[in-house]
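Report on the following structure.
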């Protein structure tokens, strides 16, 4: 042993003591499944998951009233993924024959007027009459980050537990009136799922609420008493669109001022021409917090539905809305195609620089961009 070099001796000992490398890093065999798990069972689970994503499966479950399938379908509608958009379009086409069987109610008002509290009280009342209600709550999006809280379910903590109610918050994005871009398609899916009443809660940004008015049957405006708002009653705009005005928080110390506000709004409504529907807008006092006057508002909605269906205005209005949304869809499609055109973003940057340097006008730049070819 003394004649063997130390370096060679070290190598010989290393060869003799070498063992298979079974560390976790080099292990290739993997972990065996327990015997209790059958390969066929795993394959069935994977197949089931795949089927649950299919259009036919989702459509079937939606028409059966499955809330999970409805939520998943709405997510597809709101997605910007082209594949999801294609599947969403197929879903809408399948569900369309089972839609258009509900009363659609739009609720708007300034932030803080109590829209969520009012809608919760109204929704709970509707469900006591063996009806299903869907709440499509539109949350304002940040103009800086683009994010939304989507906290309507926390504000409607009683209604969210009601098995006959469905609450879906959506981000408003940059769409008109704070209405999510795909709200109209969502209405169709909710109707196909068997909901009798669809309530759309808007951001409440004033006169841009034309968007929500163009997709509902009954338009309810919530107001506050003593907020310096009474003079708005003689102005055209959102008041003119309202089918009813509810002065909320009419309780306690504000009850008297609420009564005065009702008188002012009733006088103002007499200045407007008669509606094509033959319906005369009403002004009512409510207290959503104390659940007072909610039944009166629901009765108004039912009376409006009965009147407009008898004089055929109900169907006429929906046909007019379909025409409006056809034109809106064309505008959105043209806008999307324009910005998806190859090289358009770089051309747009160049035109903006020329406008800034006063070398062209916005109108000339727009004409150039509309005729731009890469």
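No value in this document is a laboratory result; all are computed from the given coordinates. If you're wondering where the values come from, they're calculated on a predicted model, not measured in any experiment. Every residue, glycine as well, gets a Cβ built from its backbone with ideal geometry; the counts of neighbours run over all protein chains shown.
Remark: 337, 303 ranked as 337, 303, counting other beta-carbon atoms within 10 Å and listing the fewest first. If you take the Cα centroid of region 285-359 and the Cα centroid of region 234-282, the two points sit 23 Å apart.
Quick one: grab the alpha carbon gyration tensor of region 311-350, order the square roots of its eigenvalues as a ≥ b ≥ c, and give me rounded if a/c is under 1.5, else prolate or oblate depending on whether a/b is larger than b/c. Let's see the in-between values first.
On the way: a/c = 10.20, a/b = 5.61, b/c = 1.82.
Because a/c hits 1.5 or more and a/b exceeds b/c, region 311-350 counts as prolate.
For region 325-370, evaluate the Debye formula with one uniform point scatterer on each Cα (no solvent term) and list log10 I(q)/I(0) at q = 0.13, 0.16, 0.26 Å⁻¹, rounded to two decimals. The calculated log intensity ratios at q = 0.13, 0.16, 0.26 Å⁻¹ are -0.36, -0.51, -0.89.
Note on residue 56 and residue 277: the extension gain reaches 75.6 nm, defined as 0.36 nm multiplied by sequence separation minus the Cα-Cα distance. Shape class for region 75-145: oblate, because the ratio a/c of the largest to smallest gyration tensor axis (alpha-carbon atoms, square roots of eigenvalues) is 1.5 or more and b/c is at least a/b.
For residue 363, project a label point 7 Å along Cα to C-beta. Then give me every residue of region 328-355 with its amide nitrogen under 19 Å of that point. Counting backbone N atoms under 19 Å from the label point, the list is 351-352, 354-355.
Listed by Cβ neighbour count within 10 Å, with the fewest neighbours leading, 84, 312 appear as 312, 84. Legend: calculated FRET efficiency, residue 316 to residue 98, from the Cβ-Cβ distance at R0 = 30 Å, rounded to 0.05, equals 0.85. Look at 302, 95, 190 and count the other Cβ atoms within 10 Å of each Cβ; fewest to most, that gives 302, 95, 190.
Give me the extension gain from residue 125 to residue 68: residue separation times 0.36 nm, minus the current Cα-Cα distance, reported in nm with one decimal.
Working: separation 57, 0.36 × 57 = 20.52 nm, distance 2.41 nm.
Length gained between residue 125 and residue 68: 18.1 nm.
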